[in-house]
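In what follows, a structure is listed as structure tokens, so that the remarks can point back to it.
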Amino acid sequence: MITIDAAGMHYKELNRLIREGIGKGIKKFFLENVNGQYYIGDGIKGDDVVININGIPGNDLGVFMDGPTLIVNNNAQDNIGNTMNAGKILIKGDAGDVVGYGMRGGKIYILGNAGYRVGIHMKGYNEQLPIIIIGGEVGSFFAEYMAGGIIVLLGLNDSDEFDSEYFASGMHGGTIYLRKKIDFSKYSKDVELYETDENDMNFLKKYLIDYADSFNIPSEEIMGKPFYKIVPSSARPYAHLYTSA
Amino acid sequence: MTKSSFSNIQSEYLALIDHNKCVRCKRCIQNCGWGTYSFGGDKILADHSKCVACGRCYTYCPEGAISIVKNPTVIRENANWSEGLIKNIWRQSETGGIVISGMGTTFKYKKYFDHILLDACQVTNPSIDPLREPMELRTYLGKKPSRLDVDLDENGEAVLKSKMPPQIELQTPFIFGAMSYGSISLNAQKAMALAARALGIVMNTGEGGLHDDLVPFGKNIIVQVASGRFGVHRDYLNSGVAVEIKIGQGAKPGIGGHLPGEKIGADISRTRMIPVGTDAISPAPHHDIYSIEDLRQLIYAIKEATDYEKPVSVKVAAVHNIAAIVSGIVRAGADIVYIDGYTGGTGAAPNIIKDHVGIPIELALAQVDERLREEGIRNEASIIAAGSIRSSADAVKAIALGADAVAIGTAALVVMGCHVCGKCNTGNCSWGITTQRPELVRRLDPEVYGERLYNLISAWSHEIQEVLGAMGVNSIESLRGSRERLRGVELTDAELKALGIKHAGL
């Protein structure tokens with residue numbers, strides 16, 4: 001275990017200390033007074049490495065990460081879990097724009113809201129199944145080009161509003177679960193909405209319980225409402241657009 | 001709408017068989033990836049509509065019995081309404097599709113390289129014979145320090161104190177341009193990897209990830225990160241000598257790419273890390289890069305992930321404001337900027353983009369070099385020029401216009417038998433280059449074509465040495481950005497100004 005006081009520290013130094021620590025076999029990190037440092041967790045490896053972050057981490061948190069767990073006790077900024085391969089990121093507040101861009105594996109749990117461009121080009125591969133669960137709402141351009149994985153939008157504030165334009169446009173893989181029914185037809189022509197069945201809920205249950213436990217919320221509260229799922233109409237949305245010269 | 005099967009488009013070529021010479025060995029049937037030939041019981045039959053003039057059949061016909069000719073049936077000539085335009089209208093009215101094709105534009109724009117002449121020594125300074133004297137082509141790509149700090153050791157010898165930023169060492173100023181596994185076959189990539197290793201240069205994975213078979217070639221590979229992030233993970237970033245962020249491509253500036261699902265077999269799926277059969281869609285922009293500041297963020301995310309040990313390259317298409325764009329890219333922290341001119345190749349792109357978007361590499365290069373010098377940041381990044389470098393002459397002119405090295409793509413494929421038929425998008429390449437059909441890929445022997453690539457680059461390197469010797473310099477370094485050694489012919493004042501060169505005679 002190691003505590004690093006990040007006050008006034010450049011990201012290069014902070015991340016070097018983390019990489020060095022992991023190299024020495026340290027498993028548990030506490031970062032104090034983090035204030036906007038970029039790239040925390042960039043490209044680090046180790047399934048049993050846990051980094052607790054107090055303060056507000058900067059952009060590209062967990063970019064290219066491959067296994068460790070990052071716990072943010074506040075809000076976080078843009079590009080969380082960018083091109084992440086494996087691991088887990090918990091945000092106990094709100095997240096900025098571009099969550100999980102091109103993410104291939106691992107989990108991102110956000111207690112609050114997330115910004116624009118969440119889950120763009122997320123993709124699954126073999127046993128790698130990226131999962132994003134968001135407690136609140138999301139902005140526009142949600143799940144564009146989504147190619148795989150799971151995104152769950154809980155909308156725990158229970159508002160019936162949904163204000164995300166360009167919803168899942170170009171989606172061609174993966175599944176989005178919503179804890180409220182929206183008239184999605186005005187948002188995207190590339191997807192279809194279904195009611196969830198028992199299989200869906202059995203599959204989701206373990207992740208929802210994991211999410212609830214991570215944030216100390218009663219899981220019954222989350223699962224007390226029906227879920228809907230959105231899947232792409234086609235794995236090849238643009239196949240018929242072209243003709244060969 | 002009811003679909004009509006009748007097409008106005010006639011066969012472009014005729015596959016003519018001399019049945020007196022033909023011994024019915026059926027090699028043409030095997031060799032043609034397009035299904036042009038079939039056996040009609042007693043003789044070979046040809047379906048002309050399928051022929052693309054890729055040249056495979058007659059190259060492998062043991063009797064020389066095949067000739068491919070342009071269909072003499074004319075579409076009435078009209079300089080305004082060309083055959084290509086008329087056919088595209090038919091094609092699009094029959095399908096409703098965006099017309100796509102492979103390779104670079106087929107439009108006849110002015111090729112500036114062909115209007116630039118090189119200097120040579122006469123009397124006032126001696127030329128050098130490269131056969132007898134050393135002629136340095138070694139090139140280092142990467143950021144060069146703006147100052148060097150030197151210490152003296154106890155013997156009074158100078159010792160370099162400054163730490164050099166990471167560099168790619170090339171034995172000759174050529175690299176193989178980015179062509180992904182998916183757009184080309186694994187055997188085509190292997191041929192380039194073998195040649196790159198033998199030559200001491202590098203190839204580029206393109207955006208399709210790094211196949212396991214190429215991992216041992218890491219010292220000769222640049223790995224690419226494009227908007228689809230296919231196969232990108234921390235080990236991938238660390239597996240080559242440099243990482244390239246692909247923003248744009250000369251053949252299709254500003255647009256993304258779709259590798260169709262039918263090309264995503266098990267092996268490509270594993271390399272790209274996406275499911276079998278799904279379209280591999282590269283969004284037009286990187287959705288984490290909407291500004292120069294965002295680009296800086298990704299550049300440094302990669303530097304962090306590679307512990308600052310690898311140069312980061314940024315590839316862009318040559319577009320109108322390229323000088324300002326490259327200045328921004330250099331300030332964002334790129335160690336190498338790869339500029340791809342509008343005649344560059346592609347596995348597939350809409351013709352509307354390929355034929356009408358972008359600017360010539362020659363003009364882009366001259367403007368970029370000039371701008372970076374003016375701003376005092378030319379040393380901050382190396383420049384790679386690409387976009388149909390067709391010969392060592394193009395390469396040497398590009399270097400004199402300001403490039404550190406050039407990249408070749410189409411020329412490398414031509415080595416492998418490519419006849420530039422432009423049908424890469426169909427996946428039927430008879431030469432086993434731009435196809436994933438196993439029976440076609442198998443025929444491209446990486447060893448054979450690796451050696452031919454080696455031969456080509458060696459020959460071009462020798463030619464560059466000849467030119468350098470004639471100009472009286474003994475290092476490619478001395479020619480870099482030396483536009484005084486270039487003169488223009490048949491160019492307007494505006495063109496000469498953009499190129500930063502004088503007219504011949506002046």
Mind checking which lysines have their Cα closer than 18 Å to the Cα of A:LYS205? Skip sequence neighbours fewer than 8 apart in that chain. A:LYS88, A:LYS107, A:LYS180, A:LYS225, A:LYS229
Counted charge near A:ILE22, where neighbours are those whose Cβ lies closer than 14 Å (Asp, Glu -1; Lys, Arg +1): 0
Per residue of region B:162-169, what does 6.51 cos²θ - 1.76 cosθ + 1.60 with θ = phi - 60° give for ³J(HN,Hα)? Whole Hz please, x for Gly and Pro, Karplus curve as stated. 5, 8, 6, x, x, 10, 9, 8
Dimensionless Rg/Rh of region B:13-101, both radii on Cα and Rh by Kirkwood, sits at 1.07
Here, B:LEU131 and B:TRP81, labelled 7 Å along Cα→Cβ, have an inter-label distance in nm of 5.9
Quick calc of log₁₀ I(q)/I(0), region A:1-75, Debye, one scatterer on every Cα, no solvent, q values 0.19 1/Å, result -0.65
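Can you tell me the dipole magnitude for the protein assembly as shown around its Cα centre, using point charges on the Cβ only (Lys, Arg +1; Asp, Glu -1), in Debye to the nearest 20?
About 1960 debye.
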Against the empirical 2.2 N^0.38 Å scaling, what ratio does the C-alpha Rg of region B:439-504 come to? 1.72
Neighbour-count order for B:CYS61, B:CYS54, fewest beta carbons within 10 angstrom listed first: B:CYS61, B:CYS54
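Provide, for region B:13-101, the number of lysine pairs with alpha carbons under 19 Å apart, each pair being eight or more places apart or on different chains.
Values: B:LYS21/B:LYS43; B:LYS26/B:LYS43; B:LYS26/B:LYS50; B:LYS50/B:LYS70; B:LYS50/B:LYS87; B:LYS70/B:LYS87.
Count of close lysine pairs: 6.
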B:ALA198 and A:ARG16 label points (each 7 Å along its Cα→Cβ direction) are spaced in nm at 4.3
Listed by chain and number, the aspartates and glutamates with an alpha carbon less than 13 angstrom from that of B:LYS161, same-chain partners under 8 positions apart left out, are B:ASP149, B:ASP151, B:ASP153
Quick shape summary for region A:94-237, equivalent ellipsoid via Cα gyration tensor, semi-axes whole Å in descending order, reads 20, 16, 16
Modelled label-to-label distance, B:HIS419 and B:GLN92, 7 Å Cα→beta-carbon offset: nm? 2.9
Kirkwood hydrodynamic radius, computed over distinct alpha-carbon pairs, for chain A: how many Å, to one decimal? 18.2
Give the Kirkwood hydrodynamic radius (Å, one decimal) of the protein assembly as shown, defined as one over the mean of 1/r across all pairs of different Cα atoms. 28.0
How far, in degrees from 0 to 90, does helix A:198-215 lean away from the longest principal axis of the Cα atoms of chain A, to the nearest 10? 30
So, over other residues within a Cβ distance under 9 Å of B:SER180, counting Lys, Arg +1 and Asp, Glu -1, the net charge is 0
May I ask you to sort B:ARG138, B:ARG296 by Cβ crowding, counting other Cβ atoms within 10 Å and putting the fewest first? B:ARG138, B:ARG296
R0 of 60 Å, Cβ-Cβ distance B:ARG390-A:PHE203: FRET efficiency to nearest 0.05: 0.60
Compute log10 of I(q)/I(0) for chain B with the Debye formula, placing one identical point scatterer on every Cα and leaving out solvent, at q = 0.09 Å⁻¹, to two decimals. -0.67
Nearby lysines by direct alpha-carbon distance to B:LYS246 (threshold 21 angstrom, same-chain neighbours under 8 apart not counted): A:LYS123, B:LYS143, B:LYS219, B:LYS303, B:LYS310, B:LYS315, B:LYS354
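All of the numbers you see were taken from the coordinates with simple rules; none came from a lab. Given the structure is predicted, the values throughout are model-derived calculations rather than measurements. Reconstructed Cβ throughout: ideal geometry from the backbone, glycine too, with neighbour counts over all protein chains shown.
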